[in-house]
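The next block holds one structure in the form of structure tokens; read it before the comments.
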Amino acid sequence: MELYELQDEHVGAFRAKMPAAPEPNPPISQLQTTVVCRCRPFLDHDAGSFQAVTTNGPNIYVHKEVSKAGLVDTTGKVNSKKFQLHASTACENDESLYEMYVEAVVEKSKEGGAGCVLAYGQTGAGKTHTIEAMMDTMFQSGVEIVAVSCFEVRSDKVHDLLNDSEELKVLTGADGNDNVVGLKKLEAEEAGEAVKDVVTRAKALRSTASTNANDQSSRSHAFYIFFLPSGGSLTFVDLAGSENKADAKSHSESENADERLKEMKEINKSLGDLKECIRLTLVNSKGGKQQHIPFRRSVLTRLLRTSLDVSPTSAVKTTFLCHVGPTRRSLSMTINTLNYAEQMCSATNAAKEAAKFKGPEKWSPKMVASWVEKLDGGKYATLSESMHMSGKIFQTMWLNDFIKRVSAAGGTEADGNYIYDKFHDLVAESKKGNGAKKKGKKVDDVTIEIAEGKKPAQKPVSELMYGAGLSAACVENS
Ligand SMILES: Nc1ncnc2c1ncn2[C@@H]1O[C@H](COP(=O)(O)OP(=O)(O)OP(=O)(O)O)[C@@H](O)[C@H]1O
């Protein structure tokens, strides 16, 4: 028996012992940003390498051979490392994948909102396969499309895939959003061909090349934008794959070696910028000192900015489909992809938690009284009864009036000063985004309620950048 077969047996035993994954709560379709891992099936060229990825609901395990002092265990033992996203899938067919993770995004666009489905991951992991299958399934399901635009981002420049790869500029509008200017928007009835065929034509113009990992590797980031009768839009993004040294080696042996290597560096740079934005999005969503997120570092991150908004009130409903290869051969890239996917997922979850936090100025009278009761271990508990006023009233109250109130309840001037200062500190804190989340700070166990059903008004798609639907002003009709 070959070693990889023994290793496969150990992975099989690991899978057999795995408990059933819990149902996602809340259901995936209710998330504004969803991060899913898709592991592509085994292909002929994977032969000779063991199955290094196990998917089980939100849990993804990667497996690596056990080795001691540089020697691989010859009995085939494997070690496992766990990652957690919103969901994961291995052998799901394309239709099921669409139903589970893409249909809700399409529905949002049908209602007039903005949706984005984005494929991320290493080269050869199946991004193009998935994005094309998701678009095809959408066409087959009869979604009505009124217009389409397609472009690619190559070497930090935008090229119109419906207009002979014409180079276009990205400009920042008065609203701060970045838009591709002059992009061709082909109306369905004007096109004289089905939208599906328009997309096929656009795909043919996209730059591809052969690499070690993939015969038909995409050398650019492709954006396909569909405009729906509701005014909503839906964007499918097929990112170029991140590459490792082995792929770089194949480039150095190819005919256009210099060009290929330059291309690879550009792709890795833009993906590096994207990773940095994801990393800092996580830092910021955890509260604490807010960091500058360098969205402007590359055209890719400028254009993905609204789709990277992980807050539950984000204007764009987004599904990130992170792709990994199934074998041991791609393990280091798989771990890298999952690390960033996990950061994105954590950022989404942290932003959701942060949104639950209600600043003290929004507290009910009961919450204010409860806070005073527990302040400094109950030192001011006897005054809490006289504190039945809303956080809003407390915030606008003058100090002398507050002290009078405290004195009437039997407190001292110093008590009044102290409580007044503490409350205003808390208001300032929450405005900085730190709120109750900041380490060492507690809003003294006051129940922080979620402002249910109070979502900010959705911006009309026409005001948003491409990811949320191309700004109508910036798309030139054919
Ligand atoms: N779910 C799948 N089912 C069957 N075949 C698949 C699947 N995913 C990927 N493949 C096959 O794997 C190969 C690589 O897939 P694909 O070109 O989509 O990778 P990619 O991630 O887009 O790569 P690159 O970044 O290099 O463009 C292709 O031959 C594709 O047909």
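The values are calculated or read from the model by the stated rules, or taken from the named source; none is laboratory data. From a predicted model like this one, the values you see are computed outputs, not experimental measurements. For the accessible areas, the whole protein counts, side chains as well, though only heavy atoms, and no ligand, DNA or RNA atoms are used. Shrake-Rupley method; radii C 1.70, N 1.55, O 1.52, S 1.80 Å.
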Next item on the list: Return a whole-number percent for the relative contact order of the range 116-201, with Cα pairs under 8 Å and 6 or more residues apart as the contact set.
Entry: 23
Notebook entry, point to check: Going by a ≥ b ≥ c, the root eigenvalues of the Cα gyration tensor, does the range 352-405 fall in the rounded group (a/c under 1.5), the prolate group (a/b larger than b/c) or the oblate group?
Noted result: oblate
Item checked: Subset of Lys82/Lys317; Lys289/Lys374; Lys64/Lys262; Lys108/Lys265; Lys265/Lys352 violating a 30 Å alpha-carbon distance limit -> Lys64/Lys262; Lys108/Lys265; Lys265/Lys352
Margin query: With θ taken as phi - 60° and the coefficients 6.51, -1.76 and 1.60, list the Karplus ³J(HN,Hα) couplings across the range 36-48 in order, rounded to whole Hz; mark glycine and proline as x.
Written below: 10, 9, 10, 9, 6, x, 5, 10, 3, 6, 8, 4, x
Item checked: Whole-Hz couplings from phi, Karplus 6.51/-1.76/1.60, listed for the range 399-409; x for Gly and Pro -> 4, 4, 5, 5, 4, 4, 4, 5, 4, 4, 8
Next item on the list: Order the following by accessible area, largest value first: Met138, Met264, Met1. Probe radius 1.4 Å; ligands, DNA and RNA are ignored.
Entry: Met1, Met264, Met138
Item checked: Area accessible to solvent at Leu168, 1.4 Å probe radius, in Å² -> 20
Note to self: Suppose we look only past 13 Å in the calculated P(r) of the range 360-437. What percent of the Cα-Cα pairs does that tail hold?
What the structure shows: 64
Note to self: Please report the spacing between the Cα centers of the range 56-113 and the range 334-387 in Å, no decimals.
What the structure shows: 32
